[in-house]
Amino acid sequence: MAPDPGAEQGAKADAEAAAEQAPADSAAPADKGKRKRHFWRDLLVIVVAALALTILLKTFVVQVFSIPSGSMENTLLPGDRILVSKIVYEFRPIARGDIVVFSGAGSWDPPAPPPSNWLTGLWDDATNLVGIAGPDTDYVKRVIGIPGDHVVCCNAAGQVTVNGVPLSESSYVFPGDAPSELRFNVTVPSGQLWVMGDNRGDSDDSRYRVSDPGQGTIPESAVVGRAFLIIWPFSRVSDLPIPNTFAQAGLNGSALRPAADAVPPATVAGGSAVAGALALTWRRRRRR
């Protein structure tokens with residue numbers, strides 16, 4: 001039988017169409033794979049940039065800290081996350097009433113040992129970065145006395161006095177606590193700070209260390225920054241202003257440097273005493 005010319009032409013047309021379609025079909029998986037590689041590359045760039053920005057902020061501007069204990073109740077509660085400004089003291093000195101985070105390594109505590117291995121160090125840095133945990137030698141306390149201040153407990157009314165001026169502390173001291181059950185009489189040395197927890201009945205602070213070098217004070221150079229904002233939990237979001245009692249004009253009488261009590265809080269997107277300490281330590285767990 002003779003071949004059908006129409007059928008041959010149809011078959012030829014189908015073959016040409018299939019040949020044209022084949023390159024397009026084979027290119028589709030290649031384009032899809034290329035887009036996928038671009039996605040992961042872009043994601044990696046975003047993650048690295050975000051991490052670098054976080055590290056820069058933590059190092060120079062602001063850092064998140066987690067409150068591990070009740071030494072600052074009720075101002076700060078265990079589990080609170082706070083923002084600590086690292087640059088505020090570039091613009092003003094540390095002030096009475098500031099809540100500060102400081103390192104006790106080398107003063108209140110032995111120098112911090114290096115990590116046991118690189119993996120432990122990496123994990124510690126990561127948890128510290130986001131405020132899940134921090135160095136065991138970090139403390140958070142309220143500044144009561146600055147260099148040159150004469151800090152005493154207590155006057156006839158049971159109040160802590162600074163340069164002879166009594167502090168009205170009911171707005172921040174834990175309800176029911178006395179300003180201090182320990183007696184002390186200290187002149188704060190140059191470059192040092194006298195600090196106390198707001199939970200006076202359960203705080204490891206300057207009062208318990210008057211027999212140490214510096215009479216329980218901490219170096220200003222050990223201060224990491226000023227706590228200025230509670231950011232977690234959401235129900236407790238609030239700022240941490242300086243209480244009004246620290247604005248009394250008479251407080252500046254003996255200070256070795258001008259006080260910053262009148263400066264608005266800065267924010268960034270802030271013998272017998274030793275015996276008494278020994279008597280109280282056995283029945284009270286002191287907290288950072």
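The values are calculated or read from the model by the stated rules, or taken from the named source; none is laboratory data. Just so it is clear, the structure is predicted and the values come from calculations on it, not from any experiment. Please note: Cβ atoms are built from the backbone with ideal geometry, for glycine as well, and neighbour counts cover all protein chains shown. Accessible surface is based on the protein model in full, side chains and every heavy atom, while ligands, DNA and RNA are left aside. Shrake-Rupley method; radii C 1.70, N 1.55, O 1.52, S 1.80 Å.
Figures for the structure shown
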| item | result |
| --- | --- |
| Selection within segment 206-221 - crowded, with 20+ Cβ neighbours inside 10 Å and assigned to a strand (DSSP E or B) | 218 |
| Checklist (1) open to solvent by 40 Å² or more (accessible area, probe 1.4 Å); (2) modelled with pLDDT of 80 or more; (3) charged (D, E, K, R); (4) in contact with a helix residue (DSSP H, G or I) (Cβ under 7 Å, 6 or more places away or on another chain) applied to residue 81, failing item | (4) |
| Selection within segment 222-238 - surrounded by 13 or more Cβ atoms within 10 Å (Cβ to Cβ), part of a helix (DSSP H, G or I) and of a type outside the set (A, V, I, L, M, F, W, C) | 236 |
| Checklist (1) at pLDDT 95 or above; (2) closer than 17 Å to residue 107 by Cα applied to residue 179, failing item | (2) |
| Selection count where residues are open to solvent by less than 30 Å² (accessible area, probe 1.4 Å) and closer than 17 Å to residue 224 by Cβ, scope segment 189-205 | 5 |
| Among residues of segment 189-211, those that are touching a helix residue (DSSP H, G or I) at 6+ places or on another chain (Cβ under 9 Å) and under 28 Å from residue 63 (Cβ atoms), counted | 10 |
| Test: residue in segment 145-155 that is modelled with pLDDT of 95 or more, surrounded by 20 or more Cβ atoms within 10 Å (Cβ to Cβ), of a type in the set (Gly, Ala, Ser) and out of contact with any helix residue (DSSP H, G or I) (no Cβ under 7 Å at 6 or more places or on another chain) | yes |
| Any hit, segment 60-72, residues being of a type in the set (Gly, Ala, Ser), at negative phi and modelled with pLDDT of 95 or more | yes |
| Some residue of segment 159-171 being under 23 Å from residue 225 (Cα atoms) and open to solvent by 50 Å² or more (accessible area, probe 1.4 Å) | yes |
